[in-house]
Amino acid sequence: MDVSQIVLTAEGRKKLEEELAYLEGEKSREIVEHIKEARAFGDLSENAEYDAAKEDQARNAARIAEIRATLANAQDAVAGSSMIVSIGSVVTLIDGEGEASDFTIVGTTETNVLEHKISNESPVGRAIIGHGEGESVEVVLANGKTRVYTIAKISR
């Protein structure tokens, strides 16, 4: 798999499709209504409300185009064996101090640190993909330091 390829899990694809439906439907209707209201204020050349509504319309259109391009070019994550780490795996890692952390391996567009979703292209993601339970992997972090993690558990 080409690492520069956009990869989406089924959950990630669904979220993007839901966002696209919202932006094309409800959000677009709200923006059109805002533009209509702003036009009612009169002179468009000095109408801050109108300018703001048009900027909102442009941002919405740009996000719609971005999502469409992502969905059109994204490769779906292929569920691998539960015995090895792949995109879509939920992995329990144990660091050198014995601390356990759970992470879900996702494509770059789905990365969300607050939800413990790490990219397949991150240093940790790259290091653990293709390895199995019980294996230890060495990870070179962005600051140049090296950490060793042991893969304690893999699930889907």
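The values are calculated or read from the model by the stated rules, or taken from the named source; none is laboratory data. Fair warning: this is a prediction, and the values are worked out from it, not measured in the lab. We place every Cβ from the backbone using ideal geometry, glycine too, and count neighbours over all the protein chains shown. Note: accessible area is taken over every heavy atom of the protein model, side chains too, but ligands, DNA and RNA are not part of it. Shrake-Rupley method; radii C 1.70, N 1.55, O 1.52, S 1.80 Å.
A few remarks follow.
- Given their separation in residues at 0.36 nm each and the Cα-Cα distance between them, S155 and K14 gain 48.7 nm when the chain is fully extended.
- Spread of Cα-to-Cα distances over 5 Å intervals beginning at zero, given as percent, for the range 1-55: 4, 18, 16, 12, 11, 10, 10, 8, 7, 4, 1, 0
- Distance (nanometres) between label positions extended 7 Å along Cα→Cβ at E99 and E37: 4.7
- The range 64-145 shape via C-alpha gyration tensor axes, a/c threshold 1.5: prolate
- Probing with 1.4 Å while keeping every protein chain in the model, the per residue accessible area of the chain equals 61 Å².
- Only helices enter this figure: runs of n ≥ 4 DSSP H residues, each worth -39500 (n - 2.57), summed and divided by the residues of the chain, yield -12000 deg cm²/dmol at 222 nm to the nearest 500.
- All other residues whose Cβ lies under 10 angstrom from that of A127 are scored, Lys and Arg at +1 and Asp and Glu at -1, for a net of +1.
- Carbon plus sulfur fraction of accessible area for the range 5-93, probe 1.4 Å, in percent: 54
- Taking the centroid of alpha carbons for each part, the range 124-141 and the range 1-72 are 38 Å apart.
- Calculated FRET value between H116 and Y22, using beta carbons and R₀ = 25 Å, to 0.05: 0.50
- The long axis of helix 10-22 is offset from the longest Cα principal axis of the chain by roughly 10 degrees.
- Sites D76 and E30 - FRET efficiency at Förster radius 35 Å, r taken between beta-carbons, to 0.05: 0.65
- Here's the list of lysines a cross-link from K54 could span, going by alpha-carbon distance under 17 Å and ignoring same-chain residues fewer than 8 apart: K27, K36.
- Surface share of carbon and sulfur [accessible, 1.4 angstrom probe, percent] for the range 97-144: 50
- Distant alpha-carbon pairs in the chain (separation over 26 angstrom), percent: 44
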